[in-house]
Amino acid sequence: NAGVTQTPKFRVLKTGQSMTLLCAQDMNHEYMYWYRQDPGMGLRLIHYSVGEGTTAKGEVPDGYNVSRLKKQNFLLGLESAAPSQTSVYFCASREGQGSGAQHFGDGTRLSIL
Amino acid sequence: GEDVEQSLFLSVREGDSSVINCTYTDSSSTYLYWYKQEPGAGLQLLTYIFSNMDMKQDQRLTVLLNKKDNHLSLRIADTQTGDSAIYFCAEGAPGGGNKLTFGTGTQLKVEL
């Protein structure tokens, strides 16, 4: 009964380094989302996907790339990390129909030095 | 664009009722949601309400929707210390990936 799993849970990077955050869901959901959470700003949508092989920009996409090669996985990449990308990143998924409720992972805490 | 507003803090005594308020601007919202976030954890869906409903009750939780004023509230009866968390209101509309717009969250502190 895993739901949405994010790896890694914590990471510290140096400015300019690259990394990929992995999100996996086992609920056969069509839609997947990446958010960042910063103090006093709630959740802001970075990128999302409405199905395997599709991606779209959200509210704050600059500096990030995503891929959805398999339905169950949604990857978030930082090509050249910047201190402004220090944040908590959350992945979510939802089924294509119904209430539209999104199910969240436990987050990845990323610090860029 | 869409905007969702919440007050930042709420403090209540254990056993009292808590009421967390939210206002939103997108009148085309189809569903409105309440999520709970405990320290160091992700967001947990508490409840949701469809836009053609005025009220929804689920055990200790009561959601009220005033579409005329674009106002949503979450009432927690008999608040317990385990209810201490951040509560997020979110609104969603069909189309465009069914994205949700979240409020900034209300931190609920339950005191003994």
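The values are calculated or read from the model by the stated rules, or taken from the named source; none is laboratory data. Quick caveat: nothing in here was measured; it's all calculated off a predicted structure. Methodologically, a virtual Cβ is constructed for each residue, glycine included, from the backbone with ideal geometry; neighbour enumeration extends over all protein chains shown. Surface accessibility is based on the protein's heavy atoms, side chains included, excluding ligands, DNA and RNA. Shrake-Rupley method; radii C 1.70, N 1.55, O 1.52, S 1.80 Å.
Quick one: order B:Lys109, A:Lys71, A:Lys57 from most to least accessible surface, probe 1.4 Å. Don't skip to the end; give the middle numbers.
Values: B:Lys109 115, A:Lys71 45, A:Lys57 150 Å².
From most exposed to least exposed: A:Lys57, B:Lys109, A:Lys71.
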Cut-off under 5 Å, modelled amide H: who pairs with A:Leu13 long-range: A:Ser111, A:Ile112, A:Leu113
Low-density loop positions, GluC sites (Glu not before Pro), the range A:56-113 - DSSP coil, at most 13 other Cβ in 10 Å: A:Glu79
Using θ = phi - 60° and Karplus 6.51 cos²θ - 1.76 cosθ + 1.60, couplings along the range A:36-46 (whole Hz; Gly, Pro as x): 10, 10, 10, x, x, 10, x, 9, 10, 7, 8
For the range B:14-26, 3J(HN,Hα) per residue [Karplus equation, 6.51 cos²θ - 1.76 cosθ + 1.60, θ = phi - 60°, Hz, x = Gly/Pro]: 4, x, 7, 8, 10, 10, 10, 10, 8, 10, 9, 10, 8
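Need one number: convex hull volume per residue for chain A, Cα atoms only, in Å³. Spell out each step's value before the answer.
Working: hull volume 10.7 nm³, N = 113.
In chain A, the Cα convex hull volume per residue is 95 Å³.
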Value of Rg/Rh across chain B [Cα atoms, Kirkwood radius]: 0.96
5 angstrom amide H check on B:Thr47, placed H, neighbours 5+ away: B:Trp34
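Could you please state how large a percent of the accessible area of the protein assembly as shown is carbon and sulfur, counting protein chains only and using a 1.4 Å probe? Before the final figure, lay out the partial values.
Details: 5360 of 10900 Å².
Roughly 49 percent of what the probe reaches on the protein assembly as shown is carbon or sulfur.
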Accessible solvent surface per residue of chain A, calculated while the other protein chains remain in place, 1.4 angstrom probe, Å²: 47
Interchain or long-range residues, amide H under 5 Å from B:Thr25's placed H: B:Asp3
Surface accessible to a 1.4 Å probe, per residue, for the residues of chain B, Å²: 49
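Where Rh denotes the Kirkwood radius from the mean inverse Cα pair distance, what is Rg over Rh for the protein assembly as shown?
Values: Rg = 17.6 Å, Rh = 18.0 Å.
Answer for the protein assembly as shown: 0.97.
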Dipole-positive endmost among B:Gly40, B:Gln107, B:Ile76 within chain B (Cβ charges, Cα centre): B:Ile76
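Which trypsin sites (Lys or Arg not before Pro) in the range B:46-90 pass both tests, a DSSP loop state and at most 10 other beta-carbon atoms within 10 Å?
Numbers: sites: B:Lys56, B:Arg60, B:Lys67, B:Lys68, B:Arg75; in loops: B:Arg60, B:Lys67, B:Lys68.
Filter output for the range B:46-90: B:Lys68.
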